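Below is one structure, written out as structure tokens; the observations come after it.
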């Protein structure tokens, strides 16, 4: 079963809400500007927007009946096909708004738009599985008769009498029950497949950990320049575009530091405010790549007026996935766009281990970034003293390659090494009971 795109080239009207007394990371105007970029990335033509200030969201229509009537007039006058809300709508809100605006007008929220963008941009089998799971979990509580086309899209399930032998039983509530059961089964299958992906990733991570090579994790707000930096450092040929969520699929490459030592650098999906929770859950296998990093490079578009809010959004998402406390380098990208040389000063006291200003696109100060990475890795080395049997000479080579060996003593049993090595290598030595 495939979920068809809910978005095409349609005329869209955007609606935001401002809760009086709240302190969101972005103002309602800034958030609507970001929603406009999302809508355009999804293929919508934005022809108007509005917002409503309220004490609390209306329990029936989210924005109140008066605002609904005002938007209905705009929808008619501007020939709008889609109304997009900047916050996630509850199933009840969506139903009431659809009734109010009429069958000819589609009602979506920010989550639906982001899910559609992810569906367009996912390239790998894993990415498509993750997006499809998130879409179905979003749709299930919102399923009404308008979604019965999903059953007709089934590739071999209930639409042909499969999936337990239950055929279509006609329109209305009975059809809705069939749809819900079919989607429930599909969600179970997708979760099972993703568990297999997660296990496969875990095996690869174990292999990398055995190699003991430090891993750098790239994180950042969407469109901050992570993929551009990845390409600049590794020639990885990661797709780059000036749009939100241009790349979703993780990429890991090896790079060499100024000293000649090697590290792995791993890129993953960008973050954004109000990222749908079902997406965070679906992409957990991918995000686990970040959880295994020895050092985080947090890339920020430092020339963006909302850069500080973007940083906070990323940190909030990292906390949501239980990111361990590892050294973090704040990478101020796009310094070539600074109109004031002191613009970077506002980022100096945010609690990062290091702050480096670069331009990934212009390849400015990349050597300085690599030197900073090396400095941070050196600070994170842990002292060891261990006996390596002669038959495990690869560990001696790894210790010299990745760490700083201060002394080497030969004994009948093997070589005693004293020095400092990356935590991953020290952990491997401890697991193999080589530590003295």
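The values are calculated or read from the model by the stated rules, or taken from the named source; none is laboratory data. Nothing here was measured: the structure is a model prediction, and the numbers come from that model. In this analysis, Cβ positions are derived from the backbone assuming ideal geometry, glycine residues included, and neighbour counts consider all displayed protein chains.
Of the helices (runs of 4 or more DSSP H) entirely within the stretch 92-170, those holding at least 2 residues that are within 17 Å of the chain's Cα centre (by Cα) and at pLDDT 80 or above occupy 110-121, 125-139.
Take the stretch 416-431 and flag every residue that is in a helix (DSSP H, G or I) and over 11 Å from residue 382 (Cα atoms). Show your work before the answer.
Initially, the stretch 416-431 is screened for residues in a helix (DSSP H, G or I), giving 423-431.
Those that are in a helix (DSSP H, G or I) and over 11 Å from residue 382 (Cα atoms): 428, 429, 430, 431.
Only one of the listed residues (320, 354, 374, 315) is within 29 Å of residue 198 (Cβ to Cβ) and crowded, with 16+ Cβ neighbours inside 10 Å. That residue is 315. The residue list 339, 312 contains one member that is out of contact with any helix residue (DSSP H, G or I) (no Cβ under 9 Å at 6 or more places or on another chain), under 30 Å from residue 32 (Cβ atoms) and not in a helix (DSSP H, G or I), which is 339. Identify the residue in the stretch 68-101 that is touching a helix residue (DSSP H, G or I) at 6+ places or on another chain (Cβ under 8 Å) and more than 26 Å from residue 276 (Cα to Cα) and, among all such residues, is surrounded by the most Cβ atoms within 10 Å (Cβ to Cβ). Ranking the candidates gives 75 first. Can you name the number of the only condition in (1) within 13 Å of residue 83 (Cβ to Cβ); (2) modelled with pLDDT under 95 that residue 25 fails? Of the numbered conditions (1) within 13 Å of residue 83 (Cβ to Cβ); (2) modelled with pLDDT under 95, the odd one out for residue 25 is (1). Inspect the stretch 343-358 for any residue being assigned to a strand (DSSP E or B), modelled with pLDDT under 90 and farther than 23 Å from residue 217 by Cβ and give the result as yes or no. No; the residues of the stretch 343-358 include none that is assigned to a strand (DSSP E or B), modelled with pLDDT under 90 and farther than 23 Å from residue 217 by Cβ. In this structure, does residue 184 turn out to be touching a helix residue (DSSP H, G or I) at 6+ places or on another chain (Cβ under 8 Å) and either modelled with pLDDT of 90 or more or not assigned by TED's automatic domain parsing to the domain that holds residue 58 (or both)? Yes; evaluated as a whole, the condition is true for this residue.
Number of residues in the stretch 244-268 that are modelled with pLDDT of 75 or more and farther than 13 Å from residue 216 by Cβ equals 3.
Only one of the listed residues (54, 46) is without any contact (Cβ under 8 Å) to a residue 40 or more places away in the chain, assigned by TED's automatic domain parsing to the domain that holds residue 78 and under 14 Å from residue 110 (Cβ atoms). That residue is 46.
Condition test on residue 71, is it part of a helix (DSSP H, G or I) and at pLDDT 95 or above? Criteria met by residue 71.
More than 21 Å from residue 142 (Cβ to Cβ) and touching a residue at least 60 places away in the same chain (Cβ under 8 Å): is that true of residue 69 in this structure? No; evaluated as a whole, the condition is false for this residue.
Looking at this structure, is residue 326 outside any strand (DSSP E or B) and within 22 Å of the chain's Cα centre (by Cα)? Here the answer is yes, as residue 326 does meet what is asked. Determine, yes or no, whether residue 6 is modelled with pLDDT of 95 or more and under 28 Å from the mean Cα position of the chain (by Cα). No: the conditions fail for residue 6. Of 87, 79, all but one fail to be part of a loop (DSSP other than H, G, I, E, B), over 29 Å from residue 307 (Cα atoms), modelled with pLDDT of 90 or more and not assigned by TED's automatic domain parsing to the domain that holds residue 305; the exception is 79.
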